[in-house]
Structure formats: C-alpha cells, structure tokens
Amino acid sequence: MKLSARELILAAATGAVVLVGGAWYFGAPAVEAWSNARTNLRKTQAEKQLAERLIAQRPEWEERYATLRQRIPQYSATAPVTADMLRTVQRLADEHRVSISRIEPDKEKVIGDLSEVAIDCTWDADLDALIHFLYAVQSHPAILDIRQLTVSPAQGAAGRLKGNFTVFFAFSRSGASGTASAPTTP
Amino acid sequence: MTDDSITALVLYPTRVEWTTLRRRKGQIEVAEQREHALEAVAGDAEAEGDSAKRLKALLAGVQGRVAAALPTEQALLRVVKFPTTDVAEIAEMAALQVDKFSPFPVDQMAVGQEVLAQQDAAAQVLIAATQQDNIARLGASLQAAGVFAREVDVAVLGWLRLLKMEGHVPETGRHLLLIVEERGIELLVVQAGVVVMIRSLGALSATAPGETATEIAEELNYTLTTLETEWGVQAPGELQVWHRRGLADAFLAGLREQCEVAVRAHPLDSLPPLSEGLARRALERGPHMLDLAPADWKAALASRRLQRGLIAAGAIFVALWALAVGALAVGLHLQKKQLSDAQAELAALQAPSREVGQLKEQVRALERYLDPTFSALECLREISERLPGGLDITALTYKKYGQVALRGESDTSDPIYGFFQELEQTELFPSVKPEGVTQQQRSGRTRSQFKLTLELPAEAK
C-alpha cells in the first residue's frame, strides 16, 4: 500500500497525537503523584530538620531544666499540694492586710514531670497592701506567679481597691510512696 | 548526505562506475570514485534478478542525490537556434522540433533541452529526446539495485564536460571530437567552444576496424557539408580521437588516410572517468540544463525523502517519548523512595524530638514563673511611676504575656495625654494603644475619662 505525502503526514500527526494523548492520560496522575511526593518530601525534610535541631538542643535544655528544677518544690505523688497552697496564699494575704473573700483552686495540670495549680481569688485591700502582697508572692521561695490581676476602686471607702487575681503554683511530684517531701515549701 | 553532494552513475553492459562529488567550503571535491566489473547478463529473468542483487550489493553505499546517464546511442540529439531565451518557451519549441526529427510520436518520447549559449535574444539549444521506455528501463535497472535516480543525463555530455574541463575544447574555430568507446562512437562538432552537432556513429567493428574508419570518414565529410548550411562555412581545425587503450591501429590509420583534417589521437584514460563529468554537470544543474528524468521520479523521491524524514522524526519522537516516560517512572519511583526514607528517618526522630519538646515546654513554664520582667508588680510599678498628679486609675486588668487594660479619669485632658506620652516612652510595653478620651459631666463637674491598652510581649516559643 502506497501512501501519499499528505496521508503520511496525517498518519504521523495522528500517531503523535495518540501517543501524546495516551501519555497525558496515563502520565498526568503520575505527574501529580510526583508533585505530591515532592511536596510531602519537602515537608518531611523540613520537619526532620526541625526535629534534628531540637534534638541537637537537648543538652542545652537539659542543663537549663536542671538549673530551674532545683528551685521547684518536690512533693510525693499523693501529697495534698492544693490545700497546702491555699493555705500559703491565704497566709501571705493575711500577712499583708489583703482581704480575700473568695479563694478557688483549679485542677492540677501536669506538663511532663512538672505540675501546676491555679488559684483564683477575689481580693479587697488598699494599694499599699496590694503592692506588698504582690512583692511577697514574687519573692516567695515557692514558685508562685500571678498571671491575671484586676484592680478597681471598692465602693464605700476612699482608697480602697478590689478585684481578682489568679496565682499559679509550680511543683513536681516524685516517687509513688505517697509521702510528702516538700522541703522548700513553707 | 545533503544536496551539496551528488553521485553520478554510469551503467555499462560489463561494468558500473560512479563518482560522488561534494561541495565543501566553496570547493568541489571528489568524495568517492569507484568502478566495478559486471558479469554479462544472459537475458532470462532469473539471471537479471541475480545481476540486480550483485549490483545492489555494489551500490549499497550510493546514497543521496543520484544522477544516471543514458547511453548516447539511445538519444536523439540536435543543436538548434531559437529566437528566445525564455526557458519555458524553449521547452515548447523543443517539443515541436522533436515532433519533426523523431521517428516516434512525441507523446512516447522523453524530451529535454539545454541552453548551450545565448546571444542577444537568441539561444543555441541542445535538444535530447529518447523513448520513454529507455528511461523507464534505466530507472527499473537502477531501482532493482536500490538506487533511485533524480536526474537523467546523456553520457556524451559528460565527456564534453570533461574535455572542456581539461582544456581540450578550443574556444575558437571549428573542431571535431570523436569519442570511441566500447558501446559506440560519438562525433561532436564544436564551434567557438560550443557544440553545434552531436551524432552517434554506431559501434566499432572488432573484426574490420578499417572499414569502420572508412564509414566514419564518409560520415565526417557528410556532416561537415551539412553543417555549412546552418552554421556557415568554416574549415575544421583538427579531429581529436578519444579512445580506450587497445584501439586497433588500422582504425586510426584509416581515419588519418581518409579524413581531410588532421587527426590526433588521445587516450580516454587520460581523462577523469565519465561519471565525474556527469557528476560535475549534475552539481551545476539549473533549469537551463538537460534532464530527461520523468517528473514522477522526482515525486517518488520526494515522497521517499518525506517518508524517511517522518520515520526519523517519528523514531526521535518515540525515543524522546520513551525517555520522558522512563524518566517519569524512574523519577516517581526515586521520589517515593526518598519520601519513604525521609518519613522513616522522621519517625525515628519523632520520639526523642517530642521528649526535647516537652523538656523545652517545662523549661518555658518554669521560666514564666521566675521571670519578673513583665510581672503584675512590675507593670503596676511602671504605671505608678508615670502616673501624673490629678489622674486617677479607676480600673486595671493585667494579663501576663497579653496586655494591661487601664481606665481612668481626670479633671482635664492634659494629664491624660501626658500619661499616654510617658507610657509610650517606656521599654516595658512594646505598644501603647489609647482607646479614647471622653468628657463626662458628674456632680456639676466635667471629668475626662480614658481607656488605654498596654500590650505585653508574647510568651517566647
């Protein structure tokens, strides 16, 4: 069978179109898969780098943690820390003439081997008493931190203030004996 | 091989020769020149088939543009003058001339013409005509050997080209050239360097060369007489006899004895092969030159070239396609492998990294407790220090790592603005955002009230 030039060109063009079309039809999902794999690879490599960087920083964090940990009060696994802390806050307030009308502890939160208790209080005092109380909290040997504080004038008496504060207490529990061992707590 | 190279092929009954010329850097050079003996063909179809196979093997290296030569004795050749130089008109006039001198109907003839010289509006034209069957036979022989010729020339014109090239065609006067070959004898009459007559004079008799010489001498004398009417009276300079080695002495002696002009013999072997002359003509070929090849040969060649081009392009395309598909498959496989390796490595790192993350969080948590920089006490101290006289704070909300929201009032606005300015200068609060100052009447007095937000730095991650 002899084909004319026109027929040859048409046949070649048809073949090329079929080949390219077939390649596109079957190849497009592969290209997409490749593209996805590349994106995932980049993401995974970035995560890997982050993890490696974090792991490389381990000695530094361990050192910082070791230094800080010495300042954290130690309690046994079952020691009643919340009650102890309520007592401590109340005592500090009394010492500095801050009247606490409501004191409400939150649940104990655990971050690794660090535990945290938040205590929400409603207070009433003059400015001087409040300042002294805040200073006492900040300089207390136990790790206490006031994260939230509201101050507004109290009704009825001039110079009298009232409000709320939330004080956080950090400690760690060690062992499972259930005996308290809080040498640094007052 | 490109069109800048060409092979001219001459098929003799007992040998084949070809020359390939190539144009390189403006110079024409002989790329290949070969000659092979052929066995005589018995005549039956089987023998012809074997001969074609042998020829095909010999010509396997011949590629590209090919010009073939028609034996001179198969062509009718006439030199005429036409009162035009237009190539198309010359072609039409040549066809009319062939109708006059050809014994065969013109529609059975292949006709070609070549403009030999032009003067003013007239042209001296060589007309060549042969039966189309001769061309078809030549083409069939070559195609059987796998050669597809694009051009067909007449052998004697190749010799004339060589003789001119070697300086044996004088530019002045009338001269006779006799080419004696195994296939036949051709006579060329050249006047002022341009051929005016070409005649085939039959073959040389091996048994009676003297008789052939006598016949040729008579033909020469007759030819010279007939020339006078058309090309004028002019005494011929000499008769050059170009012959192969081993020509019978009796032939030359007979010519010398019976011709009225001086006879000078030259060996054809001193010239390059005929195929070179034909190849040079083919390389110079233009529309004014002779070509007896039918148009369908050229069309077939163009089609073959297109077919080859398409096959080559298709092969390249398919190869590239296969390469692309292969690259895609391999690339995808490698990419997936890299991904799975990276994921495995990440999985191995996740546990220790999580541990460090937790450790980091614990350290941050502890540092939050221990860092007094942005404590409630520090913020109160900073605010108290910058609080101007006559301005009262009515509400304060402190949120560590968040903001301090203040409300206050004063008798006039000035202390409020001064307080804003003072706070903007502190380093403790990165951003001080006054929320507005309003005037209010209270107990018959105008009081200015304000709201203010002091941004605290966010917790470090």
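Nothing in this text is a laboratory measurement; each read-out follows from the coordinates by a stated rule. Just so we're clear, the structure is a prediction, and the values are computed from it rather than from any experiment. All Cβ positions, even for glycine, are placed from backbone atoms using ideal geometry, and neighbour counts span all protein chains on display.
Points to keep in mind about this one:
- Take each residue in B:291-303, count the other chain C-beta atoms within 10 Å of its C-beta, and the mean is 1.
- Residue exposure proxy: A:53, B:368, ordered by other Cβ atoms within 10 angstrom of their Cβ from fewest to most, comes out as A:53, B:368.
- Adding -39500 (n - 2.57) for every DSSP H run of four residues or longer, then dividing by how many residues chain B holds, sets the calculated 222 nm ellipticity at -14500 deg cm²/dmol.
- Amide H contacts under 5 Å for residue B:238, placed H, 5+ residues apart: B:176
- Shielding by other protein chains, A:54-61, mean Cβ within 10 Å: 5
- Per residue, the average separation of C-alpha pairs within less than 8 Å and at least 6 apart gives the range B:1-134 a relative contact order of 21 percent.
- The antiparallel fraction among DSSP beta bridges confined to chain B stands at about 80%.
- Lysines with Cα under 27 Å of residue A:107, excluding same-chain neighbours fewer than 8 positions away: A:162, B:360, B:399, B:400, B:461
- This model, with +1 at the C-beta of Lys and Arg and -1 at the C-beta of Asp and Glu, gives the range B:26-91 a dipole about its Cα centre of some 200 debye.
- With the helix formula -39500 (n - 2.57) applied to DSSP H stretches of n ≥ 4, chain A reaches a computed 222 nm mean residue ellipticity of -17500 deg cm²/dmol.
- Only the Cβ atoms of Lys and Arg (+1) and of Asp and Glu (-1) were treated as charged; on that basis the dipole of the range A:13-95 about its Cα centre amounts to roughly 160 debye.
- This ranking places B:261, B:404 by how few other beta-carbon atoms lie within 10 Å of each, fewest first, which gives B:261, B:404.
- Fraction of C-alpha pairs exceeding 18 angstrom in the range B:347-461: 58 percent, rounded to a whole number.
- Efficiency of FRET from Cβ geometry, residue B:315 and residue A:36, R₀ 45 Å, rounded to 0.05: 0.85
- Sorted by Cβ density within 10 Å, fewest first, the residues B:289, B:165, A:85: B:165, B:289, A:85
- Compared with the dominant Cα axis of chain B, that is its longest principal axis, helix B:295-370 is turned about 20°.
- The range A:97-146: C-alpha gyration tensor shape, a/c 1.5 cut-off, then a/b vs b/c: oblate
- Chain A: relative contact order as a whole-number percent, Cα under 8 Å and 6+ apart: 25
- Nonlocal amide H pairs with residue B:154, under 5 Å, H built at 1.01 Å: B:70
- Sorting B:56-63, B:352-359 by average packing, meaning the other beta carbons within 10 Å per residue, from highest down gives B:352-359, B:56-63.
- Whole-angstrom gap from the range B:325-382 to the range B:44-87, using each part's C-alpha centre: 85
- Shape of the range B:67-204, Cα gyration tensor, a/c cut at 1.5: oblate
- Shape of the range B:190-313, Cα gyration tensor, a/c cut at 1.5: prolate
- Placing unit charges on the Cβ atoms only, positive for Lys and Arg and negative for Asp and Glu, gives the protein assembly as shown a dipole magnitude near 2860 debye about its Cα centre.
- Positive-pole candidate from B:208, B:38, B:180, dipole of the protein assembly as shown, charges at beta carbon: B:38
- When the Gaussian network model of chain A links Cα atoms closer than 10 Å, the mean-square fluctuations of A:27, A:159, A:112 top out at A:27.
- Taking the charge dipole of chain B about its Cα centre, with +1 at Lys and Arg Cβ atoms and -1 at Asp and Glu Cβ atoms, the residue from B:301, B:333, B:428 reaching farthest to the positive side is B:428.
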